[in-house]
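Colleague: Shown below is the structure under consideration.
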Amino acid sequence: MATDTTAATTEAGAPPAVDPRSRWRQILDLLVSNRLALFAMVVLGLVLLAAVFGPWLAPFGVNEVIVQDRLQAPGLDHIFGTDELGRDVFSRVLLGARASLVVGVVAVGISLTAGTLLGLIAGFYGGKTDDFIMRGMDVLFAFPAILMAIAVLAILGPGLVNAMIAIGIVYTPIFARITRGSVLSVREEVYVRAARSLGARDARLIGLHILPNVAAPIIVQTTISLAFAILSEAALSFLGLGVQPPAASWGRMLAEGRGFIQQAWWMAVFPGLAIFVTVLSFNLIGDALRDVLDPRQRSAIESRGLAG
Amino acid sequence: MRRVLQAVGVLVGVSILVFLLIHLVPGDPVRLALGTRFDQETYEALRQRAGLDQPLVVQYVDWIASAVQGDLGVSFRSGRTVTSMILERLPATLALAFGAIVVALVMALTLGTIAALKQGSKIDHVATAISQFGISIPDFWMGILLILLFSLQLNLLPPSGYVSPLANPWEFLQHLIMPAVTVGVVSGSILTRFVRSSVLEALGEDYTRTARSKGLKERTILVGHILRNALIPTITVTGLQLAYLLSGVVVVEVVFAWQGLGLLAYNAVLGRDYPVLQGAVLLFAAFFLLVNLVVDLLYSYVDPRIRY
């Protein structure tokens with residue numbers, strides 16, 4: 001999607017004048033050259049693999065109960081051990097990847113769409129519209145994230161879809177703020193004014209000239225928000241408000257494992273490890289992307305390099 | 001003054017959302033709350049007490065007027081006033097938040113300063129890695145790991161629960177340590193990065209060079225010049241962190257059965273006790289706004305260039 005918008009920009013004659021494909025190529029090269037980011041991408045690739053092909057990869061069914069094997073410590077048969085019902089923890093961790101990724105991606109999709117749209121409108125039109133939208137965002141922002149999600153779920157009722165909506169609402173204001181701030185800084189740029197004087201309509205100005213030029217911070221925020229959204233989903237499922245059984249979810253497994261912590265540490269340790277590694281990977285990629293995409297940050301790192 | 005008015009405006013928006021919470025619930029909230037314990041008399045009494053038979057605007061005005069006077073309604077479950085339930089839980093949450101800030105500050109100031117002084121060294125990398133881990137780790141998982149290690153393996157600390165400091169200060173502290181560390185590490189990780197870059201910045205400033213050329217001892221320079229200057233922005237960020245910290249408090253209170261507001265709100269969701277949920281959410285949001293306001297005002301006091 002991002003490549004498309006950049007391509008469209010160059011056609012329309014707006015900066016940057018660099019060939020967009022080489023620009024994205026460049027970003028990818030820089031990411032790959034960053035060893036941590038590379039590691040993170042490999043990990044996320046594995047998580048994605050588990051999410052898509054989990055049912056075929058898992059050695060046992062997600063709710064396959066083997067009563068005589070209950071509460072087995074990690075070993076050759078069950079590398080992550082088994083839970084109190086004799087279900088294979090490794091298989092359940094594999095299949096839990098799907099819930100985490102789906103909720104994370106859809107929730108961030110909601111915040112990204114709603115937040116960016118609101119931010120674009122607020123920043124572009126300014127005045128009363130801006131005030132109205134941004135004060136509304138301030139109100140949403142005033143609630144501690146998890147508490148807000150819990151309150152939304154108290155209204156909608158627990159469940160996978162409602163968790164996506166709740167997390168989506170919680171992270172909308174961040175996108176709106178970031179987008180608005182960036183729009184304000186490019187709104188009066190020469191190419192925007194030029195396009196306007198040529199008679200471009202608002203929608204065209206926003207979509208073709210402003211959006212591609214405020215995309216960088218939004219992309220960085222998207223990656224970091226994925227990390228937060230997955231954490232939030234895990235927290236909600238841990239509290240019993242997210243993914244409902246019999247579906248496997250990391251947060252839910254942790255909650256169940258907590259009850260058996262004395263007999264079976266593996267029930268709580270491995271699902272948590274899965275959440276941790278996934279979130280860490282998104283954060284590492286987010287940091288690397290920020291270094292590459294956000295010039296101000298990049299110069300800060302350069303100057304630090306010079307100082308040291 | 002403008003900033004104060006703005007905060008009041010946002011608070012009004014927050015109160016409207018919190019008020020609507022009970023009305024957005026599909027179905028009859030009182031009937032849902034009573035569930036199987038339904039009887040017509042209690043039902044009528046609760047409905048009337050919650051003012052649900054009035055028009056919406058009248059209800060809001062009544063609700064907010066009482067809320068300002070400290071009356072947040074009556075619990076659907078226990079029949080007690082919400083205010084008394086909240087007041088009972090408030091000290092526990094404040095103690096946890098305060099403990100967490102202490103943990104966060106100690107961690108950030110030590111790690112951040114050492115990392116900056118030894119920039120580029122192994123210690124710096126380790127400190128950066130710790131802060132990256134701390135941001136990515138699910139707090140509830142860390143809580144469980146701490147219980148596993150310090151309560152079940154080493155038998156050093158009680159696994160969960162809350163003891164009033166008035167009843168037994170020593171036991172109170174023992175119970176506080178793990179929850180405070182769990183909440184504090186996340187904030188501390190973010191702060192560590194901040195302290196590191198602030199100290200790095202101060203290291204390059206003229207006053208540091210002057211102090212050094214005067215032949216002052218490194219220790220004096222560090223405490224008197226570098227840390228003092230790095231501390232001002234750190235305090236500001238700590239203030240902002242306090243707000244995010246509250247989000248962590250909610251989940252961690254559930255993990256450790258810490259009898260605070262977060263646990264109260266969570267149980268209110270499970271028990272469909274909407275007035276209690278409203279009260280707790282309102283208090284959290286109001287607290288967040290107050291902290292933000294104070295931080296902003298402090299900031300403009302410290303740095304006169306900033307005006308609201």
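The values are calculated or read from the model by the stated rules, or taken from the named source; none is laboratory data. The shown structure was predicted, so the numbers you read here are calculated from the model rather than taken from an experiment. No Cβ is skipped: glycine too gets one built from the backbone with ideal geometry, and neighbour counts run over all protein chains shown.
Colleague: I need a count of the residues in region A:171-204 that are surrounded by fewer than 18 Cβ atoms within 10 Å (Cβ to Cβ) and either aliphatic (A, V, I, L, M) or in a helix (DSSP H, G or I) (or both).
Modeller: Number satisfying all stated conditions: 15.
Colleague: Consider only pairs whose beta carbons are under 8 Å apart and that are at least six residues apart or on different chains; among these, list those whose first residue lies in region A:128-145 and is facing chain B (nearest Cβ under 7 Å) and assigned to a helix (DSSP H, G or I) and whose second residue is aliphatic (A, V, I, L, M) and crowded, with 22+ Cβ neighbours inside 10 Å.
Modeller: What qualifies is A:R135/B:V10; A:D138/B:V10; A:V139/B:V10; A:V139/B:V14; A:A145/A:V170.
Colleague: I've got another one for you. Any residue at all in region B:251-273 that's surrounded by fewer than 22 Cβ atoms within 10 Å (Cβ to Cβ), more than 16 Å from B:S160 (Cβ to Cβ) and away from chain A (no Cβ under 11 Å)?
Modeller: Taking every residue of region B:251-273 in turn, none turns out to be surrounded by fewer than 22 Cβ atoms within 10 Å (Cβ to Cβ), more than 16 Å from B:S160 (Cβ to Cβ) and away from chain A (no Cβ under 11 Å).
Colleague: Among the residues of region B:46-81, write down those that are at pLDDT 75 or above and hydrophobic (A, V, I, L, M, F, W, C).
Modeller: B:L56, B:V57, B:V58, B:V61, B:W63, B:I64, B:A65, B:A67, B:V68, B:L72, B:V74, B:F76
Colleague: Residue by residue through region B:135-165, note down the ones that are within 7 Å of another protein chain (Cβ to nearest Cβ) and either surrounded by fewer than 18 Cβ atoms within 10 Å (Cβ to Cβ) or touching a Cys at 6+ places or on another chain (Cβ under 6 Å) (or both).
Modeller: Once the filter is applied, which keeps residues that are within 7 Å of another protein chain (Cβ to nearest Cβ) and either surrounded by fewer than 18 Cβ atoms within 10 Å (Cβ to Cβ) or touching a Cys at 6+ places or on another chain (Cβ under 6 Å) (or both), region B:135-165 yields only B:L152.
Colleague: Hey, any hits in region A:18-36 for a residue that's among the aliphatic types (A, V, I, L, M), part of a loop (DSSP other than H, G, I, E, B) and at pLDDT below 70?
Modeller: Within region A:18-36, one or more residues are among the aliphatic types (A, V, I, L, M), part of a loop (DSSP other than H, G, I, E, B) and at pLDDT below 70.
Colleague: Just name the residue that is surrounded by the most Cβ atoms within 10 Å (Cβ to Cβ) out of those in region B:60-75 that are outside any loop (DSSP other than H, G, I, E, B) and not hydroxyl-bearing (S, T, Y).
Modeller: B:W63
Colleague: Still on this structure, please answer the following. Output the number of residues of region B:129-150 satisfying the condition of being over 23 Å from the mean Cα position of the chain (by Cα) and touching a residue at least 24 places away in the same chain (Cβ under 8 Å).
Modeller: Of the residues in that region, 1 qualify.
Colleague: So which residues in region A:53-78 are in contact (Cβ under 8 Å) with a residue 40 or more places away in the chain and either of a type in the set (S, T, N, Q) or surrounded by fewer than 16 Cβ atoms within 10 Å (Cβ to Cβ) (or both)?
Modeller: Within region A:53-78, A:P55, A:N63, A:L71, A:A73 qualify.
Colleague: Based on what the data block shows, is B:L277 at the interface with chain A (Cβ under 8 Å from one of its Cβ atoms), under 18 Å from B:R80 (Cα atoms) and at pLDDT 85 or above?
Modeller: yes
Colleague: Follow-up. Give me a count of the residues in region A:259-282 that are free of Cβ contacts under 8 Å to residues at least 60 places away in the same chain, surrounded by fewer than 22 Cβ atoms within 10 Å (Cβ to Cβ) and assigned to a helix (DSSP H, G or I).
Modeller: Going through region A:259-282 one residue at a time, the tally reaches 3.
Colleague: Now for a different question. Given the structure, is A:R92 basic (K, R), at pLDDT below 75 and farther than 23 Å from A:I178 by Cβ?
Modeller: It is false that A:R92 is basic (K, R), at pLDDT below 75 and farther than 23 Å from A:I178 by Cβ.
Colleague: Buried (at least 20 other Cβ atoms within 10 Å of the Cβ), hydrophobic (A, V, I, L, M, F, W, C) and at pLDDT 90 or above: is that true of A:M137 in this structure?
Modeller: In short, no.
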